[in-house]
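To start, the structure itself, in structure tokens.
A short reminder: the numbers here are calculations on the coordinates, not readings from a lab. Just so it is clear, the structure is predicted and the values come from calculations on it, not from any experiment. All Cβ positions, even for glycine, are placed from backbone atoms using ideal geometry, and neighbour counts span all protein chains on display.
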Amino acid sequence: MPALSDVIRALDALWPPERAEQWDAVGTVCGDPDADVTTVLFAVDPVRQIADEAVALGAQLLVTHHPLYLRGTTTVAAGTFKGRVVHTLIKNDVALHVAHTNADRADPGVSDALAGALGLRVVGPLVPDPDDPAGRRGLGRICELDRPVRLEEFARSAAAALPATAQGVRTAGDPARTVRTVAVCGGSGDSLFAEVRAAGVDAYVTADLRHHPASEAREQSPLALVDAAHFATEWPWCEQAAAQLDAISDRNGWGLRTHVSRTVTDPWTAHAAPSATATPNTTGAPN
Ligand SMILES: [Zn+2]
């Protein structure tokens, strides 16, 4: 049975913390390096529901993609919701480890998992890491489809392939547009529009697209936009990460049990569909 320090060393080899962005806060948030680990839970968000799930599962390690604390804090008092998470975890001997932007740019990384969930073939990174001679690490991925499909069909299959969220999948562009090549970026991807345009792909799958960057991207090129819930674009990484740790456990004879949380922690919980009679006319055609 491995100690927490053994498991963390293996996770750090998958997602080296030094490859995280400068502003990021990755690594072990709480946990005793000498504690035994038998069960590991993977999830996107270190929220209370997930901490409770780790306890109910009897896990000794919770691995999340999003940091609990991104900036400094002066308190972990249980009166704050983050402090409550820390208390729940420590009282129940559950460690918390975060792999965020270091997992984004890894090989395989968050966007590889997203591409895999969407059934896309990865050609290479959208923004390659200059220090990767193999040219496989970096932000986002450029992908190809096995057969070209219409944008509306692509969006429907994306909605079916990703975890169900209130938002579903939004698209911008001609529904009949042919999609052969796609850029994907798990999480908030509206900072990569220049690279996506330079890649010359037909569509861009990401999350959290805001009005102005999306509007300007639509004006500048016929690029179709496919916007899913942030949670939904990153959840596939949990399955990929659990499978990676399973393989390491098998190689080392650790006998770890890994679980992927099915709890949807997307903060949006409902979506009111637009009414056909609502104004202004949503097609843009004159009334
Ligand atoms: Zn994220």
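With one equal scatterer per alpha carbon and no solvent term, the Debye-computed log10 I(q)/I(0) for the range 109-161 at 0.12, 0.17, 0.31 1/Å reads -0.30, -0.55, -1.20. Distance distribution P(r), the range 105-228, all Cα-Cα pairs, bin width 10 angstrom from 0: 14, 50, 32, 4, 0 percent. When the Cα gyration tensor is reduced to axis lengths a ≥ b ≥ c, the ratio a/c is 1.5 or higher for the range 70-167, and with a/b not above b/c it is classed as oblate. Between the amide H of Glu21 and those of Thr101, Asn102, distances stay under 5 Å, these residues lying 5 or more places away or on another chain, with hydrogens modeled in the peptide plane.
Within the shell defined by Cβ-Cβ distances under 13 Å, the residues around Ala199 carry a net charge of 0, with Lys and Arg each +1 and Asp and Glu each -1. DSSP finds beta bridges in the chain, and of those with both partners inside it, around 50 percent are antiparallel. Note on Ala3 and Ala134: with the Förster distance fixed at 41 Å, the Cβ-Cβ geometry gives a FRET efficiency of about 0.85.
Comparing Arg141, Arg180, Arg71 in a Gaussian network model of the chain (Cα springs below 10 Å), the most mobile by mean-square fluctuation is Arg71.
When you restrict to C-alpha pairs under 8 Å that are six or more residues apart and normalise by the size of the chain, the relative contact order lands at 18 percent.
Taking amide H as placed 1.01 Å from N in the peptide plane, Arg150 has its amide H under 5 Å from the amide H of Val179, each at least 5 places away in sequence or on another chain. Across the alpha-carbon atoms of the chain, the computed radius of gyration and Dmax are 20.1, 69 angstrom. Look at the Cα gyration tensor of the range 1-131: its axes a ≥ b ≥ c give a/c of at least 1.5 with a/b over b/c, and that counts as prolate.
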